[in-house]
Each structure stands twice: as structure tokens, then as C-alpha cells.
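One structure is given below, encoded as C-alpha cells.
The values are calculated or read from the model by the stated rules, or taken from the named source; none is laboratory data. Every value quoted in this text rests on a predicted model; they were computed, and no experiment measured them. Here the Cβ positions follow ideal geometry from the backbone for every residue, glycine too, while neighbour counts run over all protein chains shown. These area figures cover heavy atoms from the full protein model, side chains too; ligands, DNA and RNA do not enter into them. Shrake-Rupley method; radii C 1.70, N 1.55, O 1.52, S 1.80 Å.
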Amino acid sequence: MTNGAQWHSWLINDRWFRDLPALLQDSLLTGMRQRRVTPGKSIFLRGEPAPGLYALLTGSLRINPGRPQLARSPHAEDYRPYWFGEASLFDDLPATHDVIAQDAVIVLHMADAPLKQLLAEHPTLWRHFRILLGSKLGIEVPAVQDITLLPTQERVAFRLLMLAEAYGGVDGSLRSVMRGDMASTRCLGLTSEVVERVLTYFEERQIVRRDHDRIDILDTDWLRDAALHRLTGAEA
């Protein structure tokens with residue numbers, strides 16, 4: 001049984017949460033709602049509205065269970081709390097993954113709308129979500145308004161990393177993302193023809209391999225190096 005005092009203690013001892021300003025801590029503590037999900041039930045599904053921010057407290061999740069080549073399983077015992085969903089703040093698109101309860105889980109959830117309202121009223125808070133996402137991608141994440149100012153290849157590499165890494169590290173040398181999830185005006189601001197041209201460049205160098213509906217990432221480290229942006233100093 002997980003009570004409010006227990007999950008409050010887990011949050012306070014979490015490294016990311018502990019470093020948040022009091023305003024954001026208080027907003028999350030008051031705005032997140034506890035949700036219990038039985039095994040096999042969905043937290044959210046690909047294509048559903050932007051999920052907002054989640055914190056996995058107990059149990060384990062299955063990400064993309066219908067597509068074995070994309071599956072991964074974060075366990076709360078390894079991460080508690082395990083934060084996920086924040087990537088939707090950056091691409092401003094519906095969910096790009098299926099997230100299913102592998103066993104009985106307890107999550108905290110703050111919906112997308114109030115979270116974005118908070119960020120609109122206090123733009124400096126964006127920095128802390130950039131830190132959270134960057135810790136998963138292994139790069140410094142640029143300010144939202146600066147993403148489309150990145151050089152073209154950096155933008156495409158950054159988008160691929162977001163899709164492949166935003167739910168935490170996965171063992172193995174092959175990672176895949178759905179081609180249909182690449183389209184993000186906020187993250188790319190590029191025509192589909194330009195994106196395909198960059199993907200062709202990446203494929204020729206054996207960084208990715210394209211299939212009819214997915215992109216297999218063969219060299220994540222190369223993508224990470226390519227996505228290291230040259231924009232500095234932005235705080236929001």
C-alpha cells in the first residue's frame with residue numbers, strides 16, 4: 001500500500017525533484033493525482049492526447065508492448081520515482097508510445113493542460129524539464145523556442161533521440177522509432193522532403209536503417225554527438 005506520506009517522501013528524495021524551485025515542487029505536489037492501474041491496462045496509448053507528466057511509484061511498465069522491437073520495461077524499484085511523459089511538452093504532439101501496466105502499478109499524474117498553463121505563466125520553469133529530458137537523452141536540451149534554430153541535421157538527430165530515449169535507457173544496440181512520429185513542427189520545422197534527405201544521409205553512413213514504417217537506430221552515440229547543439233545561454 002502506498003500512501004500520500006510515502007510518495008511525498010520519495011519525491012522529496014528524488015534528485016530531480018529535490019533541485020526544483022519551491023513553486024514547481026508545490027505545483028506538482030498539489031497538482032499530481034495518484035492513479036492505480038491493474039496489470040494489462042493502459043496508462044496511455046500512442047495517438048492519444050499529450051499525456052502530461054507521470055511519476056511511476058510502484059510496479060513496472062511495458063512500453064510499446066504490441067511492437068516487440070520497440071518494447072522496454074521500466075521498473076519503479078529501479079528508479080522510484082520514474083518520470084515520464086515530459087517529452088510531450090517539447091514536441092507538442094499526441095503520445096508517441098503505448099504505455100501499459102505490466103503488473104499492478106501506482107503512478108502520479110499531472111495533466112498536460114495545467115502543466116502547460118504553469119509553464120506559460122512561469123517560463124523560467126521550462127529549464128527544469130529540459131534538465132529532466134536531457135538526463136535521458138544524454139545531451140543538453142535547448143530551449144523550446146530555440147529548437148528550430150538548430151542546424152538541420154542536429155534537429156533531425158535530436159528528434160530521433162527524443163523518440164528513442166525519452167523513456168529511459170534501453171540495453172541493446174538496435175532501437176527503433178515509428179516514421180510517422182518524426183513529424184513535429186516544434187522539434188523540426190522542416191518539410192518532409194528535407195527530413196527524408198537527412199535520413200538518407202544518416203542511412204548512407206549506417207547511422208540508421210529505414211523500413212516502410214519505422215527507423216532503426218544503429219548508432220545512438222553518433223546521433224547524440226550530432227544533436228549536441230550550439231545554442232547556449234537560453235534559460236526558458
Notebook entry, point to check: Within segment 10-65, which strands (runs of 3 or more DSSP E) (wholly inside it) include 1 or more residues that are hydroxyl-bearing (Ser, Thr, Tyr)?
Noted result: 42-44, 53-58
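Tally up the residues in segment 57-74 that are at pLDDT below 75, within 16 Å of the chain's Cα centre (by Cα) and not basic (Lys, Arg), please.
Initially, segment 57-74 is screened for residues at pLDDT below 75, giving 65-74.
With within 16 Å of the chain's Cα centre (by Cα) added as a condition, the list becomes 70-74.
Next, from what is left, pick out any that are not basic (Lys, Arg): 70-71, 73-74.
So the count comes out to 4.
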Next item on the list: Hey, can you tell me all the residues within segment 13-25 that are within 20 Å of Arg127 (Cβ to Cβ) and either modelled with pLDDT under 95 or within 21 Å of the chain's Cα centre (by Cα) (or both)?
Entry: Asp14, Arg15, Trp16, Phe17, Arg18, Asp19, Leu20, Leu24, Gln25
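Rundown of residues vs (1) without any contact (Cβ under 8 Å) to a residue 60 or more places away in the chain; (2) of a type outside the set (D, E, K, R), yes/no style:
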site	(1), (2)
Trp10	no, yes
Asn13	yes, yes
Phe17	no, yes
Ala22	yes, yes
Ser27	no, yes
Thr30	yes, yes
Arg33	no, no
Lys41	no, no
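Condition test on His109, is it open to solvent by 10 Å² or more (accessible area, probe 1.4 Å) and at pLDDT below 90?
On the way: open to solvent by 10 Å² or more (accessible area, probe 1.4 Å): yes; at pLDDT below 90: no.
Criteria not met by His109.
Do the conditions hold for Arg46, that is, is it basic (Lys, Arg), in contact with a Ser or Thr (Cβ under 7 Å, 6 or more places away or on another chain) and modelled with pLDDT of 90 or more? Lay out the reasoning, then the answer.
Working: basic (Lys, Arg): yes; in contact with a Ser or Thr (Cβ under 7 Å, 6 or more places away or on another chain): yes; modelled with pLDDT of 90 or more: yes.
The answer is yes for Arg46.
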Next item on the list: Name, by its number, the condition in (1) in contact with a helix residue (DSSP H, G or I) (Cβ under 8 Å, 6 or more places away or on another chain); (2) touching a residue at least 12 places away in the same chain (Cβ under 8 Å); (3) open to solvent by 70 Å² or more (accessible area, probe 1.4 Å) that does not hold for Gly52.
Entry: (3)
